[in-house]
Amino acid sequence: KRSRTRKEPVRVLITGAAGQIGYALSSLVGHGELLGKSQPVILHLLDIGTATEPLNGLKLELVDSALPLLTDVIATTNLTEACTGVSIAIMVGGYPRKTSMERKDVMAMNGSIYKMHASALEKYACKDCKVVVVANPANTNALILSEFASSIPRKNITCLTRLDHNRALGQVAAKLAIPVSTVKNVTIWGNHSSTQYPDVNHGIANGIGIRDAIKDDDWLDNEFVTIVQQRGAAIIKARNMSSALSAASSVCDHIRDWVHGTPPGHWVSMGVLSDGSYGVPEGLCYSFPVTCQNGDWSIVQGLPIDARSRHKMDDTARELEEERQLAREFLQDSK
Ligand code: LMR
């Protein structure tokens with residue numbers, strides 16, 4: 001008789017778990033979409049006191065789903081309990097920007113949340129914890145987190161731009177009426193905001209360059225870019241709520257590829273700490289094309305960058321520098 005050795009469960013934190021993304025994400029995690037079909041998980045679901053009831057409701061539903069990979073569910077409003085022993089942290093929690101709020105206001109609110117979460121992760125999470133920030137402004141929240149959780153390797157703190165990457169793949173596939181699985185190697189450069197630059201110049205569709213396949217540079221340089229940049233807003237308009245299913249799905253893609261590696265010949269987009277590659281100011285959390293192997297990402301090097309792309313890459317870097325400046329001013333004031 002073959003003995004089945006069961007792997008030790010991995011503890012996965014989801015902050016802001018009672019929200020729409022948490023609802024979709026916790027089910028995907030329980031089905032093995034985050035870490036694979038043979039990896040048991042213990043979900044740590046954190047939310048704030050006012051969300052206690054829906055948070056507990058989510059736990060009840062997860063129990064009722066009888067998911068074989070889900071060893072345990074800890075639903076809590078206690079930050080220490082939530083962070084203890086986690087080796088994956090998915091940071092969805094944050095203050096959403098209301099119509100009456102300036103970027104600066106939301107930056108201030110989220111700056112203090114991310115500083116607090118950073119300290120808790122630093123104290124209680126596993127030292128090699130992998131972190132992905134989803135809450136906006138995602139890149140700058142990740143930067144704050146990395147500054148205040150200095151014992152967690154900086155390489156382990158990332159932000160989500162896989163959603164934008166998947167949106168770009170989806171648009172190319174729809175334009176060509178081909179399966180999305182035959183499109184690869186688009187790149188999202190920069191900020192997860194409307195200044196991001198979705199770049200198809202090195203992308204492949206059905207085995208040939210995307211530009212050669214689509215044969216419509218005007219569409220690719222204008223409408224396509226705008227659709228991807230504005231997709232988050234289009235979803236909010238359509239649903240009266242921000243994207244949740246697609247966000248959750250792309251979180252799973254982000255972590256799974258990071259942990260298990262990207263397939264040969266494929267790259268994906270991740271918001272990572274810039275090492276100065278492609279002339280992007282060092283230290284910004286900027287979305288790059290990356291490949292992953294053995295649990296580490298590395299930036300794809302040597303892609304030729306034309307003048308049009310250069311300009312767009314610099315614009316989104318400039319916005320990130322402004323966000324970093326705002327965050328620093330706020331955090332300085334709050335000391
Ligand atoms: C998204 O990309 O769907 C969200 O970041 C949009 C938003 O502003 O909440």
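Bear in mind that the values in this text are calculations on the coordinates, not laboratory data. Just so you know, these numbers come straight off a predicted model, no measurement behind them. So basically every Cβ, Gly included, is an ideal-geometry build from the backbone, and we count neighbours across all protein chains shown.
What percent do you get for the relative contact order of region 104-254 when only Cα pairs under 8 Å and 6+ apart count?
On the way: 191 pairs, mean separation 27.5, N = 151.
For region 104-254, the relative contact order is 18 percent.
Mind grabbing the base-10 log of I(q)/I(0) for region 194-241 at q = 0.13, 0.24, 0.29, 0.31 Å⁻¹? Debye formula, identical points on the C-alpha positions, no solvent, two decimal places.
Reported log10 I(q)/I(0), two decimals: -0.37, -0.85, -1.01, -1.08.
From the residues Asn201, Pro263, Ser298, which one has its Cα farthest along the dipole of region 199-321 in the positive direction, the dipole being from +1 and -1 charges on Cβ of Lys/Arg and Asp/Glu about the Cα centre?
Highest projection toward the positive end goes to Pro263.
Per residue of region 234-249, in order, report the coupling 6.51 cos²θ - 1.76 cosθ + 1.60 (Karplus, θ = phi - 60°) as ³J(HN,Hα) in whole Hz, putting x for Gly and Pro.
Those phi angles translate into 5, 5, 4, 5, 6, 9, 6, 8, 6, 4, 10, 4, 5, 5, 4, 5 Hz.
What does the charge dipole of the chain about its Cα centre add up to, to the nearest 20 debye, if the Cβ of each Lys and Arg holds +1 and the Cβ of each Asp and Glu holds -1? If you can, show how the numbers build up before the last one.
Working: 35 positive and 35 negative charges, 193 e Å.
The calculation lands at about 920 debye.
Evaluate E = 1/(1 + (r/R0)^6) for Lys123 and Thr50, where r is the Cβ-Cβ distance and R0 equals 22 Å; express this FRET efficiency to the nearest 0.05.
Working: r = 25 Å, r/R0 = 1.13.
Efficiency for this residue pair is about 0.30.
Pull up the cross-link candidates among the aspartates and glutamates for Lys59, meaning alpha carbon to alpha carbon under 14 Å and not fewer than 8 places away within one chain.
Answer for Lys59, where 14 Å is the Cα cut-off: Asp47, Asp72, listed by chain and number.
Treating cross-link reach as a plain straight distance, find the aspartates and glutamates whose alpha-carbon is under 19 Å from the alpha-carbon of Lys130, omitting any fewer than eight places away in the same chain.
Counting by Cα, and skipping residues close in sequence, Lys130 has these aspartates and glutamates nearby: Glu8, Glu33, Glu81, Glu122, Glu147, Asp253, Asp257, Asp275, Asp296.
Taking the alpha-carbon centroid of each part, what is the distance from region 112-175 to region 209-250 in angstrom?
22 Å
What do you get for Rg/Rh over region 80-212 if you use C-alpha atoms and the Kirkwood form of Rh? Provide the component values of the computation, followed by the final result.
Numbers: Rg = 17.7 Å, Rh = 16.4 Å.
Expressed as Rg/Rh, it is 1.08.
Fully extended, how many nm does the chain gain between Asp306 and Asp217 (0.36 nm per residue separation, minus their Cα-Cα distance)?
30.6 nm
Expressed as a rounded percentage, what relative contact order does the chain have, with Cα pairs under 8 Å and six or more residues apart?
Values: 646 pairs, mean separation 55.9, N = 335.
Reported relative contact order: 17 percent.
Tell me the relative contact order for region 1-148 as a rounded percent, counting alpha carbon contacts under 8 Å between residues six or more apart. Provide the component values of the computation, followed by the final result.
Working: 246 pairs, mean separation 36.5, N = 148.
Dividing the mean separation by the residue count of region 1-148 yields 25 percent.
Nearest 5 percent is fine: what portion of the DSSP beta bridges confined to the chain is antiparallel?
Values: 19 of 42 bridges.
So the antiparallel bridges amount to about 45 percent of the total.
May I ask for the net charge around Ala317, where only other residues with Cβ less than 13 Å from the Cβ of Ala317 are counted and Lys, Arg are +1 while Asp, Glu are -1?
Details: positive: Arg310, Lys312, Arg318, Arg324; negative: Glu282, Asp314, Asp315, Glu319, Glu321, Glu322, Glu323.
In short, -3.
Report the longest stretch of the chain that contains none of the GluC sites (Glu not before Pro) sitting in a DSSP loop with at most 11 other Cβ atoms within 10 Å.
On the way: sites that count: Glu102, Glu282.
My reading of the result: 103-281 is the longest stretch.
What distance in nm separates the simple spin-label points at Ala234 and Gln293, each placed 7 Å from Cα in the Cβ direction?
About 3.6 nm, to one decimal.
Go through Leu46, Asn185, Asn136 and say which Cα lies farthest out towards the positive end of the charge dipole of the chain; charges sit on Cβ, +1 for Lys and Arg, -1 for Asp and Glu.
The residue sitting farthest along the positive end of the dipole is Leu46.
Ranking Leu58, Leu121, Leu331 by Cβ neighbours within 10 Å, fewest first, what do you get? Mind dumping the intermediate values first?
Details: Leu58 24, Leu121 27, Leu331 18.
Listed from fewest to most nearby Cβ atoms, that is Leu331, Leu58, Leu121.
Can you bin every Cα-Cα distance in the chain into 10 Å intervals starting at zero and give me the percent of pairs per bin, rounded to whole numbers?
Histogram of Cα-Cα distances, whole percents per bin: 6, 26, 35, 24, 8, 1, 0.
Testing the spin-label approximation: label points 7 Å from Cα along Cα→Cβ at Asn206 and Asp105. State their distance in nm.
A separation of 4.9 nm, rounded to one decimal place.
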